[in-house]
Amino acid sequence: MIFRDAAFQQCINPNCQQQFGVEQVLTACTECGSLLDVKYDWNAAGTPTDWSYYQGKWARRADRLNFSGIWRFHELLPFALPEHVVTVGEGQTLLQQADFVSEFVGLDSGNLFLQYEGMNPSGSFKDNGMSAAFTHAHSIGAKRAACASTGNTSASLAMYCAVSQLMKAVIFIGSGKISYGKLSQALEYGALTVQITGDFDDAMQRVQEVSKELGIYLVNSINPFRLEGQKSIMFRVLEGLGWEVPDWIVVPGGNLGNSSSFGKAFMELKELGLIDRVPRLAIINAAGADTLHELYENRGVSWNDGNIDRSVLQNYYDELDAANKKASTIASAIEINRPVNFDKCLRALDFCDGVVRTATDQQMLDAKAKVGSGGIGCEPASAASVAGAKMLREQGVIAPSDRVVCILTGHQLKDPTATVAYHTTDQDKFNEVLGVRGVSRASYANRAVAVPNSLDEIIRVINLYG
Ligand code: F0G
């Protein structure tokens with residue numbers, strides 16, 4: 001097996017397609033400024049095109065690469081030598097058939113699956129991408145790595161730095177909302193945490209400038225190697241379905257790394273003959289951070305063979321600036337107005353016949369409570385996938401007989417404030433306590449019952465409610 005020699009970077013702009021070596025650290029094409037893909041000569045890499053090969057690796061999981069949910073698919077992302085791979089056993093995630101959510105969404109029983117990425121070591125899907133980017137950083141000898149983050153990327157980067165002791169983490173966060181679960185991870189794992197005045201979009205811009213200036217390795221999803229790791233979420237979904245392709249993948253959209261990488265995964269699997277059809281992709285923005293939805297669904301911006309209408313994009317951003325409109329949602333993870341992977345995401349929507357919808361804070365919190373009542377809890381942004389599936393079902397876009405996979409991107413404990421507030425706050429105080437607008441009810445609240453400290457009273461209450 002030849003790893004690395006078979007891999008190269010390539011500009012995604014079909015009119016450019018400039019190529020670069022994998023040893024180069026780039027976040028954009030030096031010719032035209034477009035995003036980059038990691039590409040492979042599959043024949044040279046000797047990539048097996050039979051799922052049984054990958055399945056067989058689990059039996060040999062004493063090997064650290066086979067144990068990882070990413071690297072047991074190494075031949076599908078063959079850019080790194082095995083000795084450079086940095087893994088902490090990420091990707092041991094779960095595809096759960098969730099009938100209680102099926103009913104909520106309006107699907108036939110047995111048709112709704114939750115891909116629970118909260119099971120990753122740092123509690124979110126980010127570990128998939130971080131292990132890959134970190135591996136690339138290690139392979140080129142980086143000593144410091146940086147990211148801007150709404151919290152999960154930073155938690156993941158801080159974890160890989162701390163566990164491996166290979167690099168120092170520098171993280172940029174905005175002064176707005178970052179949930180305490182996530183911030184606590186970055187602080188505890190020893191990352192240099194730089195909190196700038198501004199929001200995530202501001203931090204994202206700054207971290208690019210600073211990384212360039214100081215030669216720090218950037219691990220945001222603008223880094224093409226990050227997205228290689230995130231492809232494995234789809235490999236594991238297929239694995240969980242016995243290598244059958246579902247009808248829909250539904251995923252929250254923020255910086256649009258996941259959706260971009262899922263699209264790339266399906267393009268490559270189709271090319272390799274590992275799948276014979278492609279699922280449809282549904283990307284769900286928060287209503288308060290809806291750039292993709294607005295541009296794709298309302299203003300007609302599309303991939304258009306790489307000829308994206310930039311004037312519409314620019315007008316939209318100018319409008320945001322003129323109105324000083326900032327992203328705002330309880331789902332702080334996806335509180336992003338200027339997604340860096342916008343172009344790649346359009347390509348994924350094109351390839352996967354995709355749709356984009358928005359979910360309100362109310363819809364996300366209700367969907368989150370419903371998911372949580374089944375015991376696999378998620379954070380508010382993750383629930384956008386379930387809220388979006390419900391909406392698409394109601395609109396008749398998804399049929400009751402469709403097989404639907406919703407990606408739960410982050411663990412419930414990432415944002416306990418939102419959860420506790422939902423279950424305990426009086427209706428008229430929601431917005432104040434949650435720091436949002438527009439949440440008016442907690443349809444699935446599980447309220448604590450106040451009882452005097454008396455045996456009789458406690459027993460009475462348990463008999464009443466239990
Ligand atoms: N869900 C969660 C829990 C996230 O943390 C993020 C992104 C997303 C969804 C959106 O994913 O960017 O691939 O569209 N969080 C980033 C961060 C921005 O900094 O942790 P995307």
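The values are calculated or read from the model by the stated rules, or taken from the named source; none is laboratory data. Every value quoted in this text rests on a predicted model; they were computed, and no experiment measured them. For neighbour counting, all protein chains shown are included, and Cβ atoms are generated from backbone atoms with ideal geometry for every residue, glycine included. Side chains included, ligands, DNA and RNA excluded: accessible areas come from the protein's heavy atoms. Shrake-Rupley method; radii C 1.70, N 1.55, O 1.52, S 1.80 Å.
Using the Cβ of residue 216 as centre and a radius below 14 Å, the other residues enclosed give a net charge of +3, where K and R count +1 and D and E count -1. Only protein atoms count toward the accessible area here, which uses a 1.4 Å probe; on the chain, the carbon and sulfur part of that area reaches 47 percent. Placing +1 on the Cβ of every Lys and Arg and -1 on the Cβ of every Asp and Glu, with no other charges, gives the stretch 341-399 a dipole of roughly 120 debye about its Cα centre. Rolling a 1.4 angstrom probe over the protein heavy atoms with all chains in place gives the stretch 95-207 an accessible area of 35 Å² per residue.
Give me Rg over Rh for the stretch 229-368, both radii from the alpha carbons and Rh done the Kirkwood way, two decimal places. Could the numbers behind the result be given before it?
Working: Rg = 15.5 Å, Rh = 15.7 Å.
Rounded to two decimals, Rg over Rh is 0.99.
Estimated translational diffusion coefficient (Stokes-Einstein, Kirkwood radius over Cα pairs, 37 °C, 0.692 mPa s) of the chain: 146 µm² per second.
Taking a straight Cα-Cα cut-off under 14 Å and skipping sequence neighbours fewer than 8 places away in the same chain, the aspartates and glutamates within cross-link reach of residue 390 are 99, 103, 108, 366, 402. The calculated P(r) of the stretch 372-459, using every Cα pair and 10 Å bins from 0, goes 14, 34, 31, 15, 5, 1 in percent.
Normalised by 2.2 N^0.38 Å, where N is the number of residues, the C-alpha radius of gyration of the stretch 320-361 stands at 1.39. Over every Cα atom in the stretch 184-303, the radius of gyration and the widest Cα-Cα span, Dmax, amount to 17.4, 49 Å. Across the stretch 340-370, the residues whose backbone nitrogen lies under 19 Å from the label position 7 Å along the beta-carbon direction of residue 28 are 340-347. Only Cα sites of the stretch 320-466 enter the Debye sum here, all with the same form factor; the resulting log10 I(q)/I(0) across q = 0.18, 0.22 1/Å is -1.17, -1.41, listed in q order. Only beta bridges with both residues in the chain are counted; by DSSP, about 35 percent of them are antiparallel. Spread over its residues, the convex hull of the C-alpha atoms of the stretch 260-300 is 80 Å³ per residue. Counting only alpha carbon atoms, the long axis of helix 224-240 and the longest principal axis of the chain meet at about 60°.
Within the stretch 78-138, the proportion of Cα pairs with more than 20 Å between them is 45 percent.
R0 = 35 Å: FRET efficiency of residue 58 with residue 5, Cβ-based, nearest 0.05?
Working: r = 27 Å, r/R0 = 0.78.
So, using R0 = 35 Å, E works out to roughly 0.80.
Axis angle, to the nearest 10 degrees, between helix 310-322 and the longest C-alpha principal axis of the chain: 40 degrees.
Against the longest principal axis of the chain, how steep is helix 126-139, in degrees 0 to 90 to the nearest 10, with axes from Cα atoms? Between the helix axis and the principal axis of the chain, the angle is about 30 degrees. Couplings for the stretch 188-195, taken from phi via the Karplus curve 6.51 cos²θ - 1.76 cosθ + 1.60 with θ = phi - 60°, read 5, 7, x, 6, 6, 9, 9, 9 Hz in order; Gly and Pro are left as x.
Comparing Cα centroids, the stretch 175-207 and the stretch 339-385 end up 22 angstrom apart.
What separates the Cα centres of the stretch 1-73 and the stretch 105-124 is a distance of 27 Å.
Per-residue 3J(HN,Hα) values for the stretch 167-172, derived from phi via the Karplus relation 6.51 cos²θ - 1.76 cosθ + 1.60 with θ = phi - 60°, read 9, 9, 9, 10, 10, 10 Hz in sequence order (x marks Gly and Pro). What lysines could a cross-link reach from residue 168, if we take a straight Cα to Cα line under 19 Å and drop same-chain neighbours fewer than 8 places away? Partners within reach: 126, 143, 182, 212. Output the pairs from 57/264; 57/344; 264/325 with a Cα-Cα distance over 28 Å in this structure; if there are none, say none. Where the Cα-Cα span goes over 28 Å, the pairs concerned are 57/344; 264/325.
Considering only the Cα atoms of the stretch 73-182, their convex hull presents on average a projected area of 8.9 nm².
Take each of the peptides 239-252, 111-124, 299-312, average the number of other beta-carbon atoms within 10 Å over its residues, and list them starting from the highest.
Values: 239-252: 20.4, 111-124: 24.9, 299-312: 13.9.
In descending order of packing, they fall as 111-124, 239-252, 299-312.
With the alpha-carbon atoms as the only input, what is the per residue convex hull volume for the stretch 134-233 in Å³? List each step's numbers first, then the result.
Details: hull volume 9.7 nm³, N = 100.
Given the Cα convex hull of the stretch 134-233, per-residue volume reads 97 Å³.
Here the Debye sum runs over all C-alpha atoms of the stretch 1-108 as equal scatterers in vacuum, and log10 of I(q)/I(0) at q = 0.11, 0.15, 0.21, 0.23 Å⁻¹ comes out as -0.52, -0.79, -1.06, -1.17. For the stretch 183-252, dividing the convex hull volume of the Cα atoms by the residue count gives 146 Å³ per residue.
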